[in-house]
1. Mind listing whichever residues of region 268-281 are in a helix (DSSP H, G or I) and surrounded by 15 or more Cβ atoms within 10 Å (Cβ to Cβ)?
2. If a residue has to be under 16 Å from ALA153 (Cα atoms), surrounded by 15 or more Cβ atoms within 10 Å (Cβ to Cβ) and among the polar types (S, T, N, Q) to count, how many in region 196-246 make the cut?
3. Taking region 206-216 only, how many residues are within 14 Å of the ligand (Cβ to nearest atom) and of a type in the set (A, V, I, L, M)?
4. Under 6 Å between Cβ atoms, at least 6 apart or on separate chains: pull out the pairs that start in region 263-274 with a residue that is closer than 16 Å to ALA81 by Cβ and end on any residue that is open to solvent by 20 Å² or more (accessible area, probe 1.4 Å).
5. Might you check whether a residue that is over 22 Å from PRO122 (Cβ atoms) and either within 16 Å of the ligand (Cβ to nearest atom) or not aromatic (Phe, Trp, Tyr) (or both) occurs anywhere in region 90-97?
6. Across region 148-173, which residue is least open to solvent (accessible area, probe 1.4 Å) among those that are away from the ligand (no atom under 16 Å from the Cβ) and in a loop (DSSP other than H, G, I, E, B)?
7. Is it the case, given these coordinates, that ALA145 is open to solvent by 50 Å² or more (accessible area, probe 1.4 Å), among the aliphatic types (A, V, I, L, M) and out of contact with any helix residue (DSSP H, G or I) (no Cβ under 8 Å at 6 or more places or on another chain)?
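The values are calculated or read from the model by the stated rules, or taken from the named source; none is laboratory data. The structure presented is a predicted model; accordingly, all values stated were derived computationally and were not measured. Methodologically, a virtual Cβ is constructed for each residue, glycine included, from the backbone with ideal geometry; neighbour enumeration extends over all protein chains shown. In case anyone asks, the SASA skips ligands and DNA or RNA and just uses the protein heavy atoms, side chains included. Shrake-Rupley method; radii C 1.70, N 1.55, O 1.52, S 1.80 Å.
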Amino acid sequence: MKRLLVLAAAVTAIFANAQTFPGSKPISFVVPFAAGGPTDRVAHDLAEAMRKSMGGGANFVVENVGGAGGTIGAAKVAKAAPDGHTLLLHHIGMASAPALYRKLSYKPLDDFEYVGMINEVPMTLIGKPQLPANTYRDFENYIKANAGKLNIAHAGLGSASHLCGLMWQSAIKANEAMTTIPFGGTAPAMNALVGGQVDLMCDQTTNTTGQIEAGRVKAFAVTTAKPLSGNKLLKDLPTLQEMGLKGFELTIWHGLYAPKGTPPAVLAQINAALKVALKDPDFIKKQEGLGAVVVTDKRVEPAAHKAFVTAEIAKLKPVIEAAGKFAD
Ligand code: ASP
């Protein structure tokens, strides 16, 4: 705690010395998905923690620019003024988009300054409450027995939910079994699932935990290699590997990015504030309660996060190509 206060004081001092940044203009976190979803949730929690870590000297707003699997919001930030006031808070879509979109209007590795990684979040495979299955095994059998009749919701091509659905359908050899229904984010997709208009979805625990706890959706499995700990309810869910899907592993991460050309001094201030925010016990508690793990290792450094995303792009390309679905 003492260490945290010392760090926060150091960041406050940096900001007090900076004449021009952040000034009175708010810092906008562009979330490339709908309000109320998992990425939005991370953005709101982080905005609060960073406001604190900047000694209350900065205002944050969260701007939701959903659509096309996160690529519309990312493109907006790539073209924004590089002054530190417009930042992109994105997830694994930063790395999956190049393989999924033949015409991507921005280059994830070239058109941004990397600020740092934020967290890692498992995904859960969930279904509408009316589904007859209660266990993963029954669920998979039900999907296969109803090939062609079911809908899987996702947040657009290249989104985490889309990627998870693709990987899972290909792992159970049911690529043609479901119709995919894209939404502007998994908040509206979740509403459709709870309402029974779509049948299933794979989404981050930062969106699904509350709905599972409230019994509004059925949960069948987690996508991590190891079972989850921490949350009482999530830790009883089987992993897809335990259910026989050899090597299946998908963990979503979130990171923070600025437009290319943002001054190094401004980037250093934002990164310093991010590091303090990631150690904020309130932020950690909120995120852990939703199954997320806050990153505190060297991946919070800009260069390390960029190296990580570079490796993720290379890792995801063959996975996506094997699943064989692309967008223009
Ligand atoms: N969870 C979403 C996805 O599937 C994005 C969101 O709405 O935050 O990518």
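1. As a first pass, look at region 268-281 and keep what is in a helix (DSSP H, G or I): 268-277, 281.
Those that are in a helix (DSSP H, G or I) and surrounded by 15 or more Cβ atoms within 10 Å (Cβ to Cβ): GLN269, ILE270, ASN271, ALA272, ALA273, LEU274, LYS275, VAL276, ALA277.
2. Residues that pass the stated criteria total 5.
3. Within region 206-216, residues that are within 14 Å of the ligand (Cβ to nearest atom) and of a type in the set (A, V, I, L, M) number 0.
4. Qualifying pairs under 6 Å: LEU267/GLU113.
5. Filtering region 90-97 for residues over 22 Å from PRO122 (Cβ atoms) gives none.
No, region 90-97 has no match at all.
6. Result: ILE172.
7. Working: open to solvent by 50 Å² or more (accessible area, probe 1.4 Å): yes; among the aliphatic types (A, V, I, L, M): yes; out of contact with any helix residue (DSSP H, G or I) (no Cβ under 8 Å at 6 or more places or on another chain): yes.
Judged against the criteria, ALA145 is a match.
So that you can scan it fast, the table gives a plain yes or no per residue for (1) in a strand (DSSP E or B); (2) under 19 Å from the mean Cα position of the chain (by Cα); (3) buried (at least 19 other Cβ atoms within 10 Å of the Cβ); (4) modelled with pLDDT under 95:
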{"position": "VAL266", "(1), (2), (3), (4)": "no, no, yes, no"}
{"position": "PHE283", "(1), (2), (3), (4)": "no, yes, yes, no"}
{"position": "GLU288", "(1), (2), (3), (4)": "no, yes, no, yes"}
{"position": "GLY291", "(1), (2), (3), (4)": "no, yes, yes, yes"}
{"position": "THR310", "(1), (2), (3), (4)": "no, yes, no, no"}
{"position": "PRO318", "(1), (2), (3), (4)": "no, no, no, yes"}
{"position": "GLU321", "(1), (2), (3), (4)": "no, no, no, yes"}
